[in-house]
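Data block below; observations after.
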Amino acid sequence: MDIVAATGTRHVKTLLILGASGDLTGRLLLPGLAGLIGTGRVPGLVLAGADAADSGGQAWRDRVQKTFGEARDAANDAGRRDLDEVAAGTTYRAGDVTQPGVLGRMLAELEGPAAVYFALPPAVTEAACEVLAPEEVPEGTTLVLEKPFGTSRQTARALNRTLARLVPEPNIHRIDHFLGKATVLNLLGLRFANRLLEPLFVSEHVAKVEIVYDEELALEGRAGYYDRAGALRDMIQSHLLHVLAFLAMDAPASLGERDLRDSIAATLEVASVPEDFARSARRARYTEGSSQGRPVPDYAAEAGVDASRGTETLAQVEVRIDNPRWAGVPFILRSGKALGRRRKEAVVTFRPAGHLPAGFRGRDSPTRLRIGFGPDTLVLELDVNGPGDPYTLDRVDLRADLNSPDLLPYGEVLLGVLTGDPTLSVRADTAEDCWRIVEPVMAAWAAGEVPLEEYPAGSGGPAGWAAPPLT
Ligand code: NDP
């Protein structure tokens with residue numbers, strides 16, 4: 001059986017991962033792929049890895065064997081057989097893909113249709129695509145690109161043009177693995193299948209929306225990438241804007257590729273930072289402290305960091321959506337590293353009840369819906385008449401712990417790649433729009449118009465930062 005028989009859709013025969021020895025491949029791609037293969041949904045796949053420097057391939061085969069071996073326990077019978085077959089048959093090649101002809105030769109050797117996953121440094125990916133000639137790309141090839149997709153709207157547009165001359169748009173998968181997160185996808189069911197919620201997701205009823213992705217982890221040796229990106233580009237520009245799109249979009253006609261991505265695009269197209277964004281856009285960098293019981297050095301003193309770049313490790317930006325549904329509602333996006341508490345959630349704060357009858361005692365707090373992204377939870381915070389005095393309001397949480405998903409986020413997006421379904425990948429226009437939205441902030445920060453604040457690692461951020469209250 002092959003993938004087409006298992007899924008009834010167009011299929012990829014060979015997945016070539018460029019960047020076989022890389023961090024992304026080892027930590028996220030191979031585990032996601034192993035989990036997917038273990039479900040038995042992608043039979044007949046051939047896996048190939050490639051690096052620039054020729055390691056002989058044994059390290060690659062060991063890496064695949066180890067990760068796939070670890071996935072066997074959770075796999076079903078068909079999946080276990082597939083994991084063993086893919087691991088036994090994996091191949092390896094080496095070559096500098098920024099040199100003309102190198103990637104073309106690799107493609108010519110593969111059993112097609114093939115998907116090429118560029119798990120490479122972004123500049124290498126761009127150079128590799130530029131030197132690739134259209135005639136070197138066999139028909140049906142899929143190109144899979146990681147974030148960051150360009151470094152600005154202009155460079156994203158240039159990269160889109162380069163890709164467009166190689167393969168048709170549906171064969172380009174721009175990965176944002178947040179689109180494969182179960183909780184992000186659950187937003188669709190939560191919003192559009194519940195009469196109780198959908199009519200309330202409008203400016204008349206919502207006071208603000210906060211999307212927070214605070215990590216306890218510090219740099220973890222990734223200065224080479226992170227010091228050139230920072231929290232705004234690493235998290236807000238890509239992942240959090242997509243969460244915003246899922247929270248704010250109008251209902252798509254269907255969950256098909258065209259309708260869903262049209263709804264995402266229509267939302268982001270009218271999203272922008274407010275004119276006076278400098279008032280609310282804040283940035284900060286951690287100083288020496290401790291996190292998770294371990295000492296954390298000052299960010300500026302971390303190996304590989306160029307302190308003069310002024311890279312922020314915590315960023316907060318307000319975004320507005322200029323349409324009738326959301327006019328006037330602030331969407332506050334925040335993400336940071338080395339913070340005292342891991343907090344990954346979207347919080348929708350509703351406006352106060354129109355009229356609270358006189359005579360109630362106790363607090364009168366806004367209704368809040370909190371959507372947790374790992375652990376995946378749903379909490380609706382309500383005021384009710386509490387125990388004891390029946391006219392005293394008390395807070396209760398209606399809580400649901402969502403089941404752990406079938407697939408890891410990278411497994412979910414790889415399923416789209418391997419079955420030729422780009423629904424969970426970022427469309428060309430959206431990739432450019434995400435840069436347009438944050439570019440005024442990037443420019444203001446580069447010009448020093450917003451001070452770079454400081455916070456000790458392990459704290460809650462600089463004093464006075466507005467952040468949604470903790471449960
Ligand atoms: P790494 O630096 O860990 O790995 C880079 C890989 O690219 C190595 O295998 C390297 O091979 C290969 N490579 C470099 N130059 C060339 C070349 N000229 N020709 C062929 N191969 C080359 O990078 P990451 O894995 O961290 O990141 C890869 C991509 O994934 C980036 O776009 C990053 O932004 C993105 N990403 C990474 C995440 C992560 O957690 N790491 C998370 C989300 C996205 P060799 O060793 O032989 O040089």
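The values are calculated or read from the model by the stated rules, or taken from the named source; none is laboratory data. Nothing here was measured: the structure is a model prediction, and the numbers come from that model. All Cβ positions, even for glycine, are placed from backbone atoms using ideal geometry, and neighbour counts span all protein chains on display.
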### So Ala346, is it modelled with pLDDT of 95 or more, of a type outside the set (D, E, K, R), buried (at least 22 other Cβ atoms within 10 Å of the Cβ) and under 23 Å from Leu382 (Cβ atoms)
yes
The residue that is nearest to Leu107 (Cα to Cα), considering only those in the range 139-162 that are away from the ligand (no atom under 15 Å from the Cβ) and outside the structural domain of Gly95 (by TED's automatic domain parsing), is Thr162
Selection over the range 187-221 where residues are of a type outside the set (Gly, Ala, Ser) and in contact with a strand residue (DSSP E or B) (Cβ under 8 Å, 6 or more places away or on another chain) yields a count of 17
| query | If you check Arg282 against the conditions, is it of a type in the set (Lys, Arg) and within 20 Å of Asp227 (Cβ to Cβ)? | reply | yes
Restricting the range 249-265 to residues that are surrounded by fewer than 17 Cβ atoms within 10 Å (Cβ to Cβ) and either hydrophobic (A, V, I, L, M, F, W, C) or in contact with a strand residue (DSSP E or B) (Cβ under 7 Å, 6 or more places away or on another chain) (or both), the one nearest to Asn171 (Cα to Cα) turns out to be Leu255
Pairing a residue in the range 79-101 that is under 15 Å from Gly19 (Cβ atoms) with any residue that is more than 10 Å from the ligand (Cβ to nearest atom) and part of a loop (DSSP other than H, G, I, E, B), where Cβ atoms lie under 6 Å and the two sit 6 or more apart in sequence or on different chains, gives Tyr92/Gly57
Might you check whether a residue that is more than 30 Å from Ala284 (Cβ to Cβ), touching a strand residue (DSSP E or B) at 6+ places or on another chain (Cβ under 8 Å) and modelled with pLDDT of 95 or more occurs anywhere in the range 402-409?
no
inquiry  = Any residue at all in the range 102-111 that's under 23 Å from Gly140 (Cβ atoms), touching a Gly at 6+ places or on another chain (Cβ under 6 Å) and touching a residue at least 60 places away in the same chain (Cβ under 8 Å)?
reply    = no
Those residues of the range 131-158 which are acidic (Asp, Glu), more than 22 Å from Tyr410 (Cα to Cα) and crowded, with 16+ Cβ neighbours inside 10 Å amount to Glu136
Take Val450 and tell me if it is touching a Phe, Trp or Tyr at 6+ places or on another chain (Cβ under 8 Å) and either crowded, with 21+ Cβ neighbours inside 10 Å or touching a residue at least 40 places away in the same chain (Cβ under 8 Å) (or both). no
Open item on the list: Yes or no: the range 29-52 includes at least one residue that is within 16 Å of the ligand (Cβ to nearest atom), over 19 Å from Thr141 (Cβ atoms), among the β-branched types (Val, Ile, Thr) and assigned to a helix (DSSP H, G or I).
Closed with: no
Scanning the range 163-200 for residues that are of a type in the set (Gly, Ala, Ser) and either under 24 Å from Arg27 (Cα atoms) or in contact with a Cys (Cβ under 8 Å, 6 or more places away or on another chain) (or both), the one nearest to the ligand (Cβ to nearest atom) turns out to be Gly180
Those residues of the range 70-96 which are within 16 Å of the ligand (Cβ to nearest atom) and farther than 24 Å from His11 by Cβ amount to Ala94, Gly95, Asp96
Note on the range 97-111: residues among the aliphatic types (A, V, I, L, M) and either within 13 Å of the ligand (Cβ to nearest atom) or more than 30 Å from the chain's Cα centre (by Cα) (or both) are Val97, Val102, Leu103, Met106, Ala108
Taking the range 112-138 and keeping residues more than 16 Å from the ligand (Cβ to nearest atom) and modelled with pLDDT of 95 or more leaves Pro113, Ala114, Ala133, Pro134, Glu135, Val137, Pro138
If we ask which residues in the range 106-118 are surrounded by fewer than 19 Cβ atoms within 10 Å (Cβ to Cβ) and in contact with a helix residue (DSSP H, G or I) (Cβ under 8 Å, 6 or more places away or on another chain), their number turns out to be 2
Residue hits (the range 13-28; near the ligand (Cβ under 6 Å from one of its atoms), of a type in the set (A, V, I, L, M) and within 11 Å of Ala48 (Cα to Cα)) are Leu18, Ala20
